[in-house]
1. Consider the candidate values (i) 15.6, 55; (ii) 14.5, 40; (iii) 21.3, 64; state which one is Rg and Dmax of the Cα atoms in Å computed from the structure displayed.
2. For an R0 of 22 angstrom, estimate the FRET efficiency from the Cβ-Cβ distance between D29 and M91 and round to the nearest 0.05.
3. Per residue of region 20-33, in order, report the coupling 6.51 cos²θ - 1.76 cosθ + 1.60 (Karplus, θ = phi - 60°) as ³J(HN,Hα) in whole Hz, putting x for Gly and Pro.
4. Hey, fewest Cβ within 10 Å first, where do D64, D7, D140 land in order?
5. Between A74 and D7, what is 0.36 nm times their sequence separation minus the Cα-Cα distance? Round to one decimal in nm.
6. Subtracting the Cα-Cα distance from 0.36 nm times the residue separation, let me have the gained length for Q128 to L43 in nm, one decimal.
7. In deg cm²/dmol, rounded to 500, what helix-only [θ] at 222 nm does the chain give when every DSSP H run of at least 4 residues adds -39500 (n - 2.57) and the total is split over its residues?
8. Taking amide H atoms as placed 1.01 Å from N in the peptide plane, list the residues 5 or more away in sequence, or in a different chain, whose amide H sits under 5 Å from that of I44.
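Each reported figure results from applying straightforward, stated rules to the coordinates on display, with no laboratory input. Note that this is a predicted model, so its numbers are computed, not measured. Virtual Cβ from ideal backbone geometry, glycine too; neighbours counted across all protein chains shown.
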Amino acid sequence: APTPLNDRDAWYRLTMISDVRERATLRFDGLSTIAEIFFNGELIAASQSMFERLEVPVELTGADELAICIRALAPRLEKTGPRARWRPQMMNTQGLRLIRTTALGYMPGWCPEIHAAGPWRPISLIRQNGILCTLQSSLDGAGTGRVSIALQGN
């Protein structure tokens, strides 16, 4: 079994090299679970839910470092919230109901105790000075389809 990451922080790092300096947007479609995002050493965003998308504007310098810190979930699972009206019997920790994350890894008998920690959906770099593509489709009464694509460089 892999080393559990539930009780320690996990770091993901990427160095991006480019000969173009430009504005861009970093899109994070899913980070599990408590995440802090650093760009060139500066905290630029944080996430408390693995189900929310984040979009963060950045300025690319040509040599940039993206770092994502997934914080340990175990200390947060120990916190108590308001009294629960119902208690899920299949989970091995009741603190999970206070956190927006998957139950996988916390249900003995259903799946192994492997906890999600890190990007689980795509991370995209959307360049502002790229090519703009417009796609339009139409269908006439005879059932003939037409697709028009317009490309425009910025």
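1. (iii)
2. Details: r = 26 Å, r/R0 = 1.17.
E between D29 and M91, to the nearest 0.05, is 0.30.
3. 10, 9, 6, 7, 8, 10, 9, 10, 10, 7, x, 10, 10, 10
4. Sorted ascending by nearby Cβ count, the order is D140, D7, D64.
5. Between A74 and D7, full extension yields 23.6 nm more.
6. That pair, Q128 and L43, stretches by 28.4 nm at full extension.
7. For the chain, the value works out to -500 deg cm²/dmol.
8. Counting only residues 5 or more places away or on other chains, the set is I37, F38, F39.
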